[in-house]
Amino acid sequence: MATIQGNDRDASADREQLAAVRVAVDEVDEQIVTLIARRERLIRIAGTLKGDDAEVRAPGRVERIIEHVRDAAEKKDIDPDIVERTYREMISGFIELEMKVHKGNG
């Protein structure tokens with residue numbers, strides 16, 4: 001019987017720890033959204049300053065950003081592939097926004 005009670009206590013502790021982790025993840029998500037909002041404001045400004053669509057798409061700049069964030073991820077000992085995939089998706093969305101701003105539709 002002691003083993004079963006021990007398992008119940010372990011399961012309860014695991015649930016409590018998971019709940020705490022989820023709260024912390026939610027807090028991190030709020031911080032990320034705040035930073036994305038800041039990035040969006042800057043992208044909107046950049047969209048008004050660029051001369052043509054090629055400057056907005058700027059594949060060379062995109063690759064420099066990817067290289068930079070992969071290096072930053074490695075320095076922080078996190079998976080650079082996850083960071084790269086996240087950034088590629090984010091940049092894709094921001095390029096769409098910047099194109100609208102550049103054309104005067106955003």
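Are there any trypsin sites (Lys or Arg not before Pro) in the stretch 3-106 that are in a DSSP loop and have at most 12 other Cβ atoms within 10 Å? List them by number.
Those satisfying the criteria are Lys76, Lys103.
In what sequence, largest accessible area first, do His102, His68 appear using a 1.4 Å probe?
His68, His102
Go through Ile82, Thr34, Ala58 and say which Cα lies farthest out towards the positive end of the charge dipole of the chain; charges sit on Cβ, +1 for Lys and Arg, -1 for Asp and Glu.
Checking the options against the dipole of the chain, the answer is Ala58.
For every helix of n ≥ 4 consecutive DSSP H residues, a contribution of -39,500 (n - 2.57) applies; sum these over the chain, divide by its total residues, and give [θ] at 222 nm rounded to the nearest 500 deg cm²/dmol.
It comes out at -31000 deg cm²/dmol, rounded to the nearest 500.
Using only alpha carbon positions, build the gyration tensor of the chain, then give the equivalent ellipsoid semi-axes as the square roots of 5 times its eigenvalues, largest first, whole angstrom.
43, 16, 10
Given Cβ point charges of +1 (Lys, Arg) and -1 (Asp, Glu) and nothing else, what value in debye, to the nearest 20, does the dipole of the chain about its Cα centre take?
So the dipole magnitude of the chain works out to roughly 580 debye.
Quick one: helix 80-102 against the long Cα principal axis of the chain, what's the angle to the nearest 10°, folded into 0 to 90?
40
Express the relative contact order of the chain as a whole percentage, based on alpha carbon pairs under 8 Å and six or more residues apart in sequence.
Once normalised by length, the contact order is 30 percent.
Sorting Leu97, Leu42 by accessible area (1.4 Å probe), largest first, what list results?
Accessible-area ranking of Leu97, Leu42, largest first: Leu42, Leu97.
The values are calculated or read from the model by the stated rules, or taken from the named source; none is laboratory data. Predicted, not measured: the structure shown is a model, and the values here were computed from it. We place every Cβ from the backbone using ideal geometry, glycine too, and count neighbours over all the protein chains shown. The area values use the complete protein model at the heavy-atom level, side chains included, leaving out ligands, DNA and RNA. Shrake-Rupley method; radii C 1.70, N 1.55, O 1.52, S 1.80 Å.
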